[in-house]
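Inspection log for the structure reproduced underneath, given as structure tokens.
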Amino acid sequence: MQDFKLDNGSNAGPSGIGGRTLLAIEDGLVIVAGLIVLALMLVVTADVIMRSLFNYPLPNSYEYMELGMVFIVYLGAAQVQREKRHIAIDALVKALPPRGRALVELFGCVVGLVLMAAIGWWGGQAAWNSFVTSEYI
């Protein structure tokens, strides 16, 4: 596993048994996401073949794709955050001093936390409503 370096060269990777465990969990989740990508490719291929040759689509393949895409995105999110590989437009931020960059990053993290909490809350309410009304799509 790799540690990553900040712009000033200092080591920012997690250390100790807890940090190594977290890294192993993140790496495992990325592997699971990759396996889901493979499974979805097989489902789509089977669906296309069955639809073309037998005029009978694979049942529920669309729902599998929707659910699989959610898993793919969220299982890889922790590693993307750890490696700082999010898509970012940082032309102005690079011109700031290190303290200014840290403040901008803190602000971005706080805004992201608030947005994810709101999405989680409303998504949970929608999921509960779907469960109560027996909605399955």
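The values are calculated or read from the model by the stated rules, or taken from the named source; none is laboratory data. Since the structure is predicted, the reported quantities are computational estimates derived from the model, not experimental observations. Every residue, glycine as well, gets a Cβ built from its backbone with ideal geometry; the counts of neighbours run over all protein chains shown. What goes into the accessible areas is simple: the full protein's heavy atoms, side chains included, and nothing from ligands, DNA or RNA. Shrake-Rupley method; radii C 1.70, N 1.55, O 1.52, S 1.80 Å.
Given the criteria over 18 Å from the mean Cα position of the chain (by Cα), closer than 19 Å to K84 by Cα and either among the hydroxyl-bearing types (S, T, Y) or open to solvent by 100 Å² or more (accessible area, probe 1.4 Å) (or both), does R51 qualify? So R51 does not fit the description; no. Of the residues making up region 105-135, just one is farther than 24 Å from Y74 by Cα and either among the basic types (K, R) or assigned to a helix (DSSP H, G or I) (or both), namely V132. If the condition is being more than 27 Å from D27 (Cβ to Cβ) and either open to solvent by 100 Å² or more (accessible area, probe 1.4 Å) or at pLDDT below 85 (or both), then region 94-106 contributes K94, R99, L103.
Yes or no: A46 under 29 Å from G28 (Cβ atoms), open to solvent by less than 100 Å² (accessible area, probe 1.4 Å) and not in a loop (DSSP other than H, G, I, E, B)? Yes.
The residue of region 116-137 that is farthest from Q81 (Cα to Cα), among those that are open to solvent by 100 Å² or more (accessible area, probe 1.4 Å) and modelled with pLDDT of 90 or more, is F131. Only one entry in G68, G13 is at pLDDT 90 or above, small (G, A, S) and not in a strand (DSSP E or B), namely G68.
Say whether the condition of being open to solvent by less than 100 Å² (accessible area, probe 1.4 Å) and either at pLDDT 90 or above or in contact with a Lys or Arg (Cβ under 7 Å, 6 or more places away or on another chain) (or both) is met by at least one residue in region 85-92. Scanning region 85-92, I find no residue that is open to solvent by less than 100 Å² (accessible area, probe 1.4 Å) and either at pLDDT 90 or above or in contact with a Lys or Arg (Cβ under 7 Å, 6 or more places away or on another chain) (or both), so the answer is no.
Annotation note: of G68, G100, the sole residue that is under 30 Å from Y136 (Cα atoms) and of a type in the set (G, A, S) is G68.
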